[in-house]
């Protein structure tokens with residue numbers, strides 16, 4: 001279990017959002033429920049803490065562990081996925097995620113789809129690092145342009161040094177684009193024991209098949225409270241958003 005100190009630091013930095021109770025009180029009550037073994041109540045209170053504006057891997061991690069203890073694997077997987085969205089290198093969240101996923105019912109037949117390379121790269125590049133890389137690229141490009149103008153005036157050429165600088169500058173740009181690609185793609189996790197996948201975004205449409213708790217799906221679009229999702233085996237359809245919240 002993560003320390004409360006890390007959560008308190010996040011609460012101080014969180015934006016002021018109207019909630020049923022102050023974040024500090026929610027944290028205290030959640031920790032008390034966890035200590036008493038009331039994991040369902042603790043998970044609910046940690047969830048309210050996240051809803052109060054605290055977006056932090058420790059909050060999501062605690063939600064995940066409490067949901068897992070309470071037997072809600074879908075909610076646990078969703079929380080661990082959110083923790084990894086905030087902190088891709090969180091080894092504890094990644095380990096618990098794998099443990100929770102072992103109980104998944106859906107063993108999809110067909111070629112399993114792997115997240116595109118740029119998304120996988122972006123998942124390992126924090127947004128802050130991507131922004132700093134972009135600034136470095138912008139500054140380096142400007143310096144290279146100034147150097148080129150000065151050398152042109154002096155009759156010299158940039159030669160191999162300029163080519164190396166140009167090639168190296170591509171790396172920050174690639175990292176920035178990878179982070180953007182990851183942020184621009186949404187995924188959802190099924191939290192209901194079973195969710196109908198329909199042919200259109202309404203209950204009136206025929207249910208083509210079902211997906212089950214814990215399955216992670218790619219979100220293609222939204223319409224009237226429904227998500228158009230793409231499954232790892234290539235199947236697509238519409239699922240009610242409450243059954244599969246977005247990560």
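The values are calculated or read from the model by the stated rules, or taken from the named source; none is laboratory data. Here the structure is a predicted model, which means the values were calculated and not measured. In this analysis, Cβ positions are derived from the backbone assuming ideal geometry, glycine residues included, and neighbour counts consider all displayed protein chains.
One table, with the values for the structure above:
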item: Output for the stretch 22-56, where each listed residue is within 20 Å of residue 214 (Cβ to Cβ) and surrounded by 24 or more Cβ atoms within 10 Å (Cβ to Cβ); result: 43, 46
item: Scope the stretch 217-247; condition part of a loop (DSSP other than H, G, I, E, B) and surrounded by fewer than 14 Cβ atoms within 10 Å (Cβ to Cβ); matching residues; result: 224, 225, 233, 234
item: Residues (farther than 20 Å from residue 101 by Cα and touching a residue at least 12 places away in the same chain (Cβ under 8 Å)) located in the stretch 204-233; result: 205, 208, 209, 220, 222, 223, 224, 225, 226, 227, 228
item: Qualifying residue in the stretch 100-117 (condition: at pLDDT 85 or above, crowded, with 20+ Cβ neighbours inside 10 Å and within 30 Å of residue 236 (Cα to Cα)); result: yes
item: Filtered residues of the stretch 29-69 (kept if closer than 20 Å to residue 87 by Cα and part of a loop (DSSP other than H, G, I, E, B)); result: 52, 53, 54, 55, 56
item: Pick from the stretch 1-21, criterion at pLDDT below 50 and not in a helix (DSSP H, G or I), ranking: surrounded by the fewest Cβ atoms within 10 Å (Cβ to Cβ); result: 18
